[in-house]
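In what follows, a structure is listed as structure tokens, so that the remarks can point back to it.
The values are calculated or read from the model by the stated rules, or taken from the named source; none is laboratory data. Note that the structure is predicted; figures quoted are calculated from it, not measured. With ideal geometry, Cβ positions are generated from the backbone for all residues, glycine too; neighbour counts draw on all protein chains shown. Each accessible area value is taken on the protein alone, full model and side chains, heavy atoms only, with ligands, DNA and RNA left out. Shrake-Rupley method; radii C 1.70, N 1.55, O 1.52, S 1.80 Å.
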Amino acid sequence: MARVLIVDDEPKLGALLAEALELDGHEVARATGGREAIARLGAEPFEVVVTDLRMPDVDGLAVLRAARAHPAPPEVVLMTAHASAESAVEAMKAGAADYVTKPFANDELRLRVRRLAAQREAERRSDALLARLTPALVAESAAMREVLAAARRVGPTDATVLLLGESGTGKSQVARFVHYHSRRAAGPLVEVHCAALPDTLLEGELFGYEKGAFTGATRRSGGHLAAADQGTLFLDEIGEIPPATQVKLLRFLQERRFVPLGSTEERRVDARVVAATNRDLEAAVRAGAFREDFYYRLNVFAIRVPALRERPEDVLPIAERFLEARGAAGRLTPGARARLRAHPWPGNVRELENALERALILAGDGDVREEHLAAPAHGVPAAPGRGPRAGDVLVPGFDLDAFERDLVAAALERAGGNKAAAARLLGITRRRLYSRLESLGLRADDGDRD
């Protein structure tokens, strides 16, 4: 149970109260005056303080103020035989959790302390869970410290958040950080990778659908928005959604209402929206590829997450944390550290982590050295002075599917697993890359680590 401090200048009453609270399993300490109580509060941690209001040396309000000034302040219950509306208001304004008037039944005080102790235990468990769930983002650089400061400011609000930045910079981690620093932290966090869903499926997956709404709709589906009720909906790669879905999302952002596919009934959902994109949405608006009204609804509170090359101070701390999580702390040699610092990391954090994963395999049980971090060569040997041509690979036994599979895999490895960067290397759209991954039997269901 809780550690409780009883403060009363009447020793007999203090002893009786202590005995009553010990029946509930509380660890109880006693102080016979306000001065002694303040000294004990400075030396020992307590979850609950039960103090008399009127005492000769230092009164209960002084004890209350001293208790609430601690970094982890205990809950305070004030006792008095001289109750008045003014003293009750003053006590509550000063931060008292409860107020009892003498004489009172011991069972009444036991009930109030039990309730406060249970509340503190629930808060402790909630804080511990939050600490485990909240991403431990590396922020040695001033740029990332600004990102986290902005995320903390917007977290407690219900404002829509738009995360901007290259793929692999940590946008999904920042989205989780915002969620777990909001009043919705106990609610669901539903993540949707918009680019991974074909246009024909995206609307139904987001808004849900009724049985028979389209071919293949053999059952009713609530959709991701409904699943995010009382929580947060994270829309990754929001710049990839088609205009028709933009219209429906715009209405939801305005009214928090939507109509599932195949239904005529509106649904209302209380979900906060956090969106992320690596596209220049302003340019997309100018080009007519993204609705202007939808853009302004999304862009309530924008946070730009910098590329890894813009925050070189974070490279080594990220690397050390990654290695520590795999039981390989302290295995980077000075040469390896220098190589990590010198590389521009176009694939950002995902590329860095993949390079370290490969280096650990090559290093075995030894230190990770500079040569373990050398990027493997990819592609087809080209004739001097020009890039590879089709005729260079057309030899007996050539297998087009196998070649395409190797080419896509090589692009993903070169991009550190970042699908947007791999698509750029291949000269195709990200949506087309997902389609090719599916048709080639490669894994296309892993979301990019933004």
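Are any residues in the range 152-168 crowded, with 20+ Cβ neighbours inside 10 Å and farther than 23 Å from Phe252 by Cα, and if so, which ones?
Gly165, Glu166, Ser167, Gly168
Looking only at the range 184-196, which residues are open to solvent by 40 Å² or more (accessible area, probe 1.4 Å) and modelled with pLDDT under 90?
The answer is Ala186, Ala196.
Which number in (1) among the small types (Gly, Ala, Ser); (2) farther than 26 Å from Val154 by Cβ; (3) open to solvent by less than 70 Å² (accessible area, probe 1.4 Å) marks the one condition that Ala307 misses?
(2)
What pairs can you find where one residue is in the range 406-430 and within 15 Å of Thr277 (Cα to Cα), the other is open to solvent by 50 Å² or more (accessible area, probe 1.4 Å) and of a type in the set (A, V, I, L, M, F, W, C), and their Cβ atoms are less than 9 Å apart, with a gap of 6+ or different chains?
none
Is there any pair with a first residue in the range 95-114 that is closer than 15 Å to Asp52 by Cβ and a second that is open to solvent by 50 Å² or more (accessible area, probe 1.4 Å) and assigned to a loop (DSSP other than H, G, I, E, B) whose Cβ atoms are under 6 Å apart and which are 6 or more apart or on different chains, and what are they?
Going by the 6 Å Cβ cut-off, the qualifying pairs are Thr101/Ala83; Lys102/Ala81.
Just to be sure I understand, how many residues within the range 224-241 are open to solvent by 10 Å² or more (accessible area, probe 1.4 Å) and of a type in the set (D, E, K, R)?
Residues meeting the conditions: 2.
State which residue is least open to solvent (accessible area, probe 1.4 Å) when the search covers only the range 74-97 and only residues that are assigned to a helix (DSSP H, G or I) and charged (D, E, K, R).
Residue satisfying both the conditions and the ranking: Glu90.
Conditions: (1) free of Cβ contacts under 8 Å to residues at least 60 places away in the same chain; (2) in a helix (DSSP H, G or I); (3) under 15 Å from Tyr295 (Cβ atoms). Leu235 meets all but one. Number of the miss?
(2)
Looking at the structure I just gave you, is Val315 crowded, with 20+ Cβ neighbours inside 10 Å, under 27 Å from the mean Cα position of the chain (by Cα), closer than 30 Å to Ala150 by Cα and touching a residue at least 60 places away in the same chain (Cβ under 8 Å)?
No.
Among Ala302, Ala289, Ala283, Ala244, which is the only one that is open to solvent by 10 Å² or more (accessible area, probe 1.4 Å), of a type outside the set (Ser, Thr, Tyr), in a loop (DSSP other than H, G, I, E, B) and over 18 Å from Leu189 (Cβ atoms)?
Going through Ala302, Ala289, Ala283, Ala244 in turn, just one is open to solvent by 10 Å² or more (accessible area, probe 1.4 Å), of a type outside the set (Ser, Thr, Tyr), in a loop (DSSP other than H, G, I, E, B) and over 18 Å from Leu189 (Cβ atoms): Ala289.
Among Ala325, Ala342, Ala302, which is the only one that is on the phi < 0 side of the Ramachandran plot and in contact (Cβ under 8 Å) with a residue 24 or more places away in the chain?
Within the list Ala325, Ala342, Ala302, the selection yields Ala302.
Where residues in the range 250-272 are part of a helix (DSSP H, G or I), in contact with a Lys or Arg (Cβ under 8 Å, 6 or more places away or on another chain) and in contact (Cβ under 8 Å) with a residue 12 or more places away in the chain, which of them is farthest from Ala217 (Cα to Cα)?
So the residue we want is Gln254.
Given Arg350, Arg309, which one is within 22 Å of Lys419 (Cα to Cα) and touching a Phe, Trp or Tyr at 6+ places or on another chain (Cβ under 8 Å)?
Arg309
Suppose the filter is open to solvent by 10 Å² or more (accessible area, probe 1.4 Å), among the acidic types (Asp, Glu) and in a loop (DSSP other than H, G, I, E, B); does Asp107 pass it?
The answer is no for Asp107.
Determine, yes or no, whether Arg341 is over 30 Å from Thr245 (Cβ atoms), in a helix (DSSP H, G or I) and open to solvent by 40 Å² or more (accessible area, probe 1.4 Å).
yes
Could you tell me how many of the residues in the range 261-280 are surrounded by 13 or more Cβ atoms within 10 Å (Cβ to Cβ) and within 29 Å of Val147 (Cα to Cα)?
11
Can you tell me which of Pro71, Pro56 is within 22 Å of Ala118 (Cα to Cα) and either at pLDDT 95 or above or surrounded by fewer than 18 Cβ atoms within 10 Å (Cβ to Cβ) (or both)?
Pro71
What's the number of the only condition in (1) open to solvent by 30 Å² or more (accessible area, probe 1.4 Å); (2) of a type in the set (D, E, K, R); (3) closer than 18 Å to Ala150 by Cβ that Lys171 fails to meet?
Result: Lys171 passes all but (1).
For the list (1) under 16 Å from Thr80 (Cα atoms); (2) in a helix (DSSP H, G or I); (3) in contact (Cβ under 8 Å) with a residue 40 or more places away in the chain, I need the number of the one condition that Ala20 fails.
Ala20 satisfies all of (1) under 16 Å from Thr80 (Cα atoms); (2) in a helix (DSSP H, G or I); (3) in contact (Cβ under 8 Å) with a residue 40 or more places away in the chain except (1).
Among the residues of the range 176-183, are any polar (S, T, N, Q), open to solvent by less than 50 Å² (accessible area, probe 1.4 Å) and in contact with a Pro (Cβ under 7 Å, 6 or more places away or on another chain)?
Yes - at least one qualifying residue is present in the range 176-183.
Which number in (1) of a type outside the set (Asp, Glu); (2) in a strand (DSSP E or B); (3) more than 21 Å from Glu19 (Cα to Cα) marks the one condition that Val100 misses?
Against the list (1) of a type outside the set (Asp, Glu); (2) in a strand (DSSP E or B); (3) more than 21 Å from Glu19 (Cα to Cα), Val100 comes up short only on (3).
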